[in-house]
1. Determine whether the stretch 113-126 contains at least one residue that is under 27 Å from M233 (Cα atoms), outside the structural domain of E162 (by TED's automatic domain parsing) and either surrounded by 19 or more Cβ atoms within 10 Å (Cβ to Cβ) or not polar (S, T, N, Q) (or both).
2. So which strands (runs of 3 or more DSSP E) are wholly in the stretch 225-289 and hold at least 3 residues that are on the phi < 0 side of the Ramachandran plot and not charged (D, E, K, R)?
3. Among all residue pairs at least 6 apart or on different chains, which show Cβ distances below 9 Å where the first residue, located in the stretch 269-288, is in contact (Cβ under 8 Å) with a residue 24 or more places away in the chain and surrounded by 15 or more Cβ atoms within 10 Å (Cβ to Cβ) and the second is part of a strand (DSSP E or B) and polar (S, T, N, Q)?
4. Among A80, A75, which is touching a residue at least 24 places away in the same chain (Cβ under 8 Å), assigned by TED's automatic domain parsing to the domain that holds F139 and more than 20 Å from A232 (Cβ to Cβ)?
5. Out of (1) surrounded by 19 or more Cβ atoms within 10 Å (Cβ to Cβ); (2) farther than 23 Å from E288 by Cβ, what's the single condition that is false for I186?
Amino acid sequence: MMRKIGRFTACILLVVSMLVGLCSCSCSKTTVIDSDGSTPSGDYKVLIPETPGTVVYSGEGVTIDASNVKDGYVAVKCEAKQNKVKAQVMLDDHSYNYDLTTDNQYEIFPLQMGNGKYKVRVLENAGGTSYTPLYQAEFDVTMDDTNRVFVYPSQYVWYTNETSAVQKSYEICSGLSSDKEKVDAIYDWVVDNMTYDKELAANVQSGYLPDLEVTMQTKKGICFDYCALFSAMLRAQGIPTKLVIGKVQPEGITHSWSQVYIDGKWEWKDTTMDGKGHKESDYTMEKEY
């Protein structure tokens, strides 16, 4: 396991490309398992999004399922379009933008900005960096626990009961009782088993998203992969975990790290750097997923 500061600089190549334009990220693997779909194997109590269709908005080939916004997520799908399509999730003056596949399969997006009246828009590329609205819906979100957002999979941190990272998390946490013990054990496993992928960092394309099965098979990745893996393993244990993107000082570079909710407070974790050379006050969050 490499624990060198040098790999940190390479990490910005990935995250900077992620933030180009309208946060150009896409994923074809985030199809939700419908509530009437197949039953995954394993005796895991993993929270998986559902699309029961009790609250649905639709038009122009777009469907927005807001049935479970109380749990901190919304599902969006779009029929085939000629041009690239994006989903935009907004609350007041804050917004998150995602690439949206046009295979008419639901993708899951977090409602991480807290309670309030959300607007979800789907936009189609009109040439260059210009997008025109296809369809939008507005709905009120009231969550009893806003941390619940971060115990479900979503586009950036996608997994199901059958994902090998989920199975590994249960293996690692077997016999452990407290959240702190589980966080420490999973943190140590990620740090000790993952190797930073300099080649991927040098060649990563805009729109890259982690594939947890690939990460588990290769045991390699960049900061984005480390955080997605760490988040998935902890969320599978019911522990709220944020994948965070922001800046780190004194270098002023873009990086991805984690925030984990333990014993009533959020704690900073950086599996990529393994806490070497920086302290929490060096980190400034820009986005959280």
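The values are calculated or read from the model by the stated rules, or taken from the named source; none is laboratory data. In this text the structure is predicted, and so the values were computed from the model without any measurement. Here the Cβ positions follow ideal geometry from the backbone for every residue, glycine too, while neighbour counts run over all protein chains shown.
1. Step one: of the stretch 113-126, the residues under 27 Å from M233 (Cα atoms) are 113-115.
Going one step further and asking which of them are outside the structural domain of E162 (by TED's automatic domain parsing), we end up with 113-115.
From the residues that got through so far, the ones that are either surrounded by 19 or more Cβ atoms within 10 Å (Cβ to Cβ) or not polar (S, T, N, Q) (or both) too are 113-114.
Yes: the stretch 113-126 contains one or more residues that are under 27 Å from M233 (Cα atoms), outside the structural domain of E162 (by TED's automatic domain parsing) and either surrounded by 19 or more Cβ atoms within 10 Å (Cβ to Cβ) or not polar (S, T, N, Q) (or both).
2. Of the strands (runs of 3 or more DSSP E) lying wholly inside the stretch 225-289, those with at least 3 residues that are on the phi < 0 side of the Ramachandran plot and not charged (D, E, K, R) span 241-248, 253-262, 283-288.
3. Within 9 Å, the pairs are K269/T241; K269/S258; K269/Q259; T271/S258; T272/S256; E288/Q259.
4. A80
5. With (1) surrounded by 19 or more Cβ atoms within 10 Å (Cβ to Cβ); (2) farther than 23 Å from E288 by Cβ applied to I186, the lone miss is (2).
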